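Values quoted throughout were computed directly from the atomic coordinates according to the rules given, and no laboratory measurement underlies them. Bear in mind that the values here come from a model prediction, so they are computed numbers and not experimental data. As a convention, Cβ positions derive from the backbone with ideal geometry for all residues, glycine included, and neighbour counts pool all protein chains shown.
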Amino acid sequence: MYTVKELFPTLQGEGAHAGRAAVFCRFAGCNLWSGREEDRATAICQFCDTDFVGSDGHGGGKFENAANLADAIERAWRSTSAGPQQRYVVFTGGEPLLQLDEDLIGALHQKGFEVAIETNGTLKVPKGVDWVCVSPKAGSDLIVLQANELKLVVPQVGHDSIEKLMDRFEKMDYRNRFLQPMDGPDVKRNTELAVSLCQKRPLWRLSLQSHKLIGIR
């Protein structure tokens, strides 16, 4: 059984694949925050801006098995291309690795999908995932030390020295490294910080939430 908060076609808004057509499948649940506002102050991750509680979002629901969820993802894909379709699905959350498994990955590969995840990096990645984006959270135990992409949201409470943290990540096997300004009332100042850090440490690139800038989901 898979519990999905929402499932919808869009463009990837962040990171190395920004602008790419995708189906987003947002799983319910997270291991770093319950999703309830009353628990935010005591959670490991306190800045999440996403509703991942329940299954009442657009396209969401309970899916009994991998085949059913893979069929729903295929129905959401909008390409009319006569050539290779470049099917792409992004699993996010919450924390997608609480639910994503090899059965679902295999069912999607059979349908020609490239499978991507956006994870906090605290859980083991199952075999077969094609693109792994890790977004580490201060105070969590990071175990995914090798990935296609690292997306560090800045600043975060608990990251006393951002540059020291960046130096640590530069020594790990991440093929792409991004700094993303934390959204919210201080987004202008956070963006200025991220820009300054990218200029000082050119192994890193700036990631903006372009889907929010153009008004899509």
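Can you give me the Cα centroid spacing of the stretch 156-181 and the stretch 85-118 in angstrom?
After rounding, the separation between the Cα centres reads 26 Å.
At 0.36 nm per residue, and after removing the present C-alpha to C-alpha distance, how many nm does the segment from Thr42 to Val157 gain when stretched out fully?
The Thr42-Val157 span can extend by a further 40.2 nm.
Among the GluC sites (Glu not before Pro) within the stretch 12-83, which fall in a DSSP loop and have no more than 12 other Cβ atoms within 10 Å of their own Cβ?
Counting only loop positions with at most 12 other Cβ atoms within 10 Å, the GluC sites (Glu not before Pro) in the stretch 12-83 are Glu64.
With +1 assigned to the C-beta of every Lys and Arg and -1 to the C-beta of every Asp and Glu, and no other charges, what is the dipole magnitude of the chain about the Cα centre in debye, to the nearest 20?
Using only the charged Cβ atoms, the result is roughly 620 debye.
Among Val4, Gln209, Cys25, whose Cα projects farthest towards the positive end of the dipole of the chain, with charges put on the beta-carbon of Lys, Arg (+1) and Asp, Glu (-1)?
Value computed over the given set: Gln209.
Can you give the FRET efficiency for Ser79 and Lys212, using 1/(1 + (r/R0)^6), R0 = 30 Å, r = Cβ-Cβ distance, to the nearest 0.05?
For R0 = 30 Å, the calculated efficiency reads 0.80.
Kindly provide the helix-only [θ] at 222 nm of the chain, computed as the sum of -39,500 (n - 2.57) over DSSP H runs of four or more divided by all residues, to the nearest 500 deg cm²/dmol?
-6500 deg cm²/dmol
May I ask you to list the trypsin sites (Lys or Arg not before Pro) in the stretch 1-86 that are in a DSSP loop and have at most 10 other Cβ atoms within 10 Å of their Cβ?
Arg36, Arg78
In straight Cα distance, which aspartates and glutamates are under 20 Å from Lys127, not counting same-chain residues fewer than 8 positions off?
The reachable aspartates and glutamates, counting only those whose Cα sits under 20 Å from Lys127, are Glu95, Asp101, Glu102, Asp103, Glu114, Glu118, Glu149, Asp173.
Between Phe63, Phe178, Phe24, where does the largest GNM mean-square fluctuation fall for the chain, given springs only between Cα atoms within less than 10 Å?
Phe63
Can you tell me the orientation of helix 187-200 relative to the chain, as the angle in degrees between its alpha-carbon axis and the longest Cα principal axis, to the nearest 10?
80
To two decimal places, what compactness ratio does the stretch 1-53 give when its Cα radius of gyration is scaled by 2.2 N^0.38 Å?
Normalised by 2.2 N^0.38 Å, the Cα Rg of the stretch 1-53 equals 1.33.
Pick from Leu69, Leu145, Leu97: which residue has the top mean-square fluctuation in a GNM of the chain where Cα pairs under 10 Å get a spring?
Leu145
With viscosity set to 0.692 mPa s and temperature to 37 °C, compute the Stokes-Einstein D of the stretch 2-214, Rh being the Kirkwood radius across alpha carbon pairs; µm²/s, no decimals.
It diffuses with D of about 184 µm²/s by this estimate.
For the cross-link pairs Lys137/Lys171; Lys5/Lys212; Lys62/Lys111; Lys151/Lys200; Lys151/Lys171, which exceed 24 Å when the distance is taken from alpha carbon to alpha carbon?
none
Kindly give Rg over Rh for the stretch 62-140, based on alpha-carbon atoms, with the Kirkwood expression for the hydrodynamic radius.
1.00
With contacts defined as alpha carbon pairs under 8 Å and 6 or more residues apart, what's the relative contact order of the chain in percent?
Computed over the chain, the figure is 18 percent.
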